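To keep things clear, I will list the structure first and then write my remarks on it.
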């Protein structure tokens, strides 16, 4: 098949492109050209920003894609710049589970949604959960993006917390930074937060399972691992994968270093069911423990260049331990 990927050179899109090429698909990547990974598999490239997509729309149509995977539609403006110019093909949009009302509760230290959360769980009425922008994405709001794709018969994949190789957010870094520094005691909060996660390879396999599936048209699917360890359990998996014997020392949440926020106690948990993706797409992610080990191995071999060597806040937190 011929698959066009909007984005496709960073993290999730990068993995999708690699897996599509490995499967034997002909792939066209439409991106700004600011990132050209040397190890990206051989495929076609068209360079254009989303705002200028109309200028290359005819070239994409000439490719005659079977499906189009949009990995970077973050706002209403992003959708408006691209959707009117897309050819008649299967559409797959990567969205986020932050559309659910449960995320509003987490950010606002409240509770209100029963578990597990499904595609039928309430989405939040409030917009712009992160303010005017999320990172580089001005006007970020997936709730403003999803309806247009669904109206075109597209499929929306709502992603959990994604981790794995090339993750720019470096989800495991709250533990790995301390392991690399040889810290044998790590200040830790209650660690009871349950937040569904998913490895980037399993996100990619969900996308590949969606392509060509007529039952996926105009449908929404949660994409995450079927089981969820608490943050404390996850941290233990990360430590085990490194071979470290560091101790997680419980300290008051108020004393935690800023980058240990995820270990604090929360009122609302984020546990999602993937039964629809399993039933309709036939999607099955790999064993989470295996995936954590794979991710940790990559991040240990590819450490960030800007990791802070300052553990003053750790020492202060450990001094406050009961």
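What's the number of the condition residue 180 fails, among (1) touching a strand residue (DSSP E or B) at 6+ places or on another chain (Cβ under 9 Å); (2) surrounded by 15 or more Cβ atoms within 10 Å (Cβ to Cβ)? So the condition that residue 180 fails would be (1).
For segment 123-144, filtering for residues that are touching a residue at least 60 places away in the same chain (Cβ under 8 Å) and touching a strand residue (DSSP E or B) at 6+ places or on another chain (Cβ under 8 Å) leaves 3. Only residues that are at positive phi and either buried (at least 16 other Cβ atoms within 10 Å of the Cβ) or without any contact (Cβ under 8 Å) to a residue 12 or more places away in the chain (or both) were counted across segment 19-47, and they come to 1. Here residue 171 passes the criteria (1) within 24 Å of residue 7 (Cα to Cα); (2) out of contact with any strand residue (DSSP E or B) (no Cβ under 9 Å at 6 or more places or on another chain); (3) modelled with pLDDT of 95 or more; (4) in a loop (DSSP other than H, G, I, E, B) except the one numbered (2). Out of 201, 241, one residue alone is within 30 Å of residue 65 (Cβ to Cβ), in contact with a helix residue (DSSP H, G or I) (Cβ under 8 Å, 6 or more places away or on another chain) and outside any loop (DSSP other than H, G, I, E, B). It is 201. Among the conditions (1) touching a strand residue (DSSP E or B) at 6+ places or on another chain (Cβ under 6 Å); (2) free of Cβ contacts under 8 Å to residues at least 24 places away in the same chain, the only one that residue 147 does not satisfy is (1). For segment 233-263, the set of residues classified as in contact (Cβ under 8 Å) with a residue 12 or more places away in the chain and more than 30 Å from residue 301 (Cβ to Cβ) consists of 250, 251, 252, 253, 255, listed by residue number. Looking at residue 318, is it closer than 19 Å to residue 162 by Cα, in contact (Cβ under 8 Å) with a residue 40 or more places away in the chain and in a helix (DSSP H, G or I)? Taking the combined requirement at face value, the residue does not satisfy it.
The values are calculated or read from the model by the stated rules, or taken from the named source; none is laboratory data. All figures in this text were calculated on a predicted structure; none of them were measured in a lab. When we count neighbours, we look across all protein chains shown, and the Cβ atoms used for this are built from the backbone with ideal geometry, even at glycine.
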